[in-house]
Amino acid sequence: METLLFLFPQFNYMAPKEEAYFRMFAVEDLQSPAMKDDSSRQKDKERKSRLSLFLTKSGSHENVSPHKKTNTTTSNISPEAALQWSDSFEELLKHTDGVETFSQFLRTEFSEENIEFWLACEEFKTIDSETKRLSKAKYIYTVYIESESPKEVNIDYNTKMVIQKNMEHPTRGCFDAAQMKVFSLMKKDSYPRFLHSDIYMRITRRKGPGATMFRRRSRSCVFNERGEAKTEPSAW
């Protein structure tokens, strides 16, 4: 029991039924290779697949997330506050509501593991206790880094191997390279789509029944009967 809590601190946040189900897989994975026969090793992928499905169906991705899900709903967020998130991805991450709303968007794209991993790394860097740091590092590696893990993030092989070597004595910066790659992926790929998503457009009241679309003034090019081009103001 103590060993499981050490390697899998997420037990503290799970309901009894979820904990028992997760423990069933965790105990099997703690066995040494010598204790496993060929058939059980062949079933490792199946167990991890079932665990991933369990995390998704039970909603326990919220339980194992480094931060508890807030009760904030999009209806409680002011359009003025949400508009600040469009200044930059860094600005969005400064706001709790922004992070939660962005997480909701990533769930629609089945990529919420990226923000969860980033948040887990941020929390990891605040841990002072070596014992707790080792426990948290093993958890992050098991859930987000290890090949075919339940919420494996998309990082290159070399970065993954460096992290694996650092697991015996993890430092505060052992996940920095991977965190930076995931941050860059979210900023360049997911964030632009988020700003044009239904969820964000509704919060900023730029989409939906009765929504007012604000258009900026610009200049467009038109041609007269003689084919001469001229510019005149128009609304976009």
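The values are calculated or read from the model by the stated rules, or taken from the named source; none is laboratory data. These numbers come from a predicted model, not from an experiment. Neighbour counts run over all protein chains shown; Cβ positions are idealised from the backbone, glycine included. Remember, those area values only see protein heavy atoms, side chains included, never the ligands or the DNA or RNA. Shrake-Rupley method; radii C 1.70, N 1.55, O 1.52, S 1.80 Å.
Scanning the range 129-145 for residues that are open to solvent by 20 Å² or more (accessible area, probe 1.4 Å) and either at pLDDT 95 or above or among the polar types (S, T, N, Q) (or both) returns S129, T131, K132, R133, L134, K136, K138, Y141, T142.
The rows are residues; the columns are (1) surrounded by fewer than 10 Cβ atoms within 10 Å (Cβ to Cβ); (2) at pLDDT below 85.
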{"residue": "D176", "(1), (2)": "no, no"}
{"residue": "K181", "(1), (2)": "no, no"}
{"residue": "M186", "(1), (2)": "no, no"}
{"residue": "F194", "(1), (2)": "no, no"}
{"residue": "Y200", "(1), (2)": "no, no"}
{"residue": "R217", "(1), (2)": "yes, yes"}
{"residue": "S220", "(1), (2)": "no, yes"}
{"residue": "F223", "(1), (2)": "yes, yes"}
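Which is modelled with pLDDT under 95, hydrophobic (A, V, I, L, M, F, W, C) and open to solvent by 10 Å² or more (accessible area, probe 1.4 Å), of F110, F54, F105? Write out each step before concluding.
Working: F110 fails: modelled with pLDDT under 95; F105 fails: modelled with pLDDT under 95.
Just a single option satisfies the conditions, and that option is F54.
Applying the criterion of at least 1 residues that are of a type in the set (K, R) and out of contact with any Leu (no Cβ under 8 Å at 6 or more places or on another chain) to the helices (runs of 4 or more DSSP H) found wholly in the range 104-211 leaves 130-140, 157-166, 176-185, 191-195, 198-203.
Each residue in the range 147-158 was checked for being buried (at least 17 other Cβ atoms within 10 Å of the Cβ) and without any contact (Cβ under 8 Å) to a residue 60 or more places away in the chain, and 3 pass.
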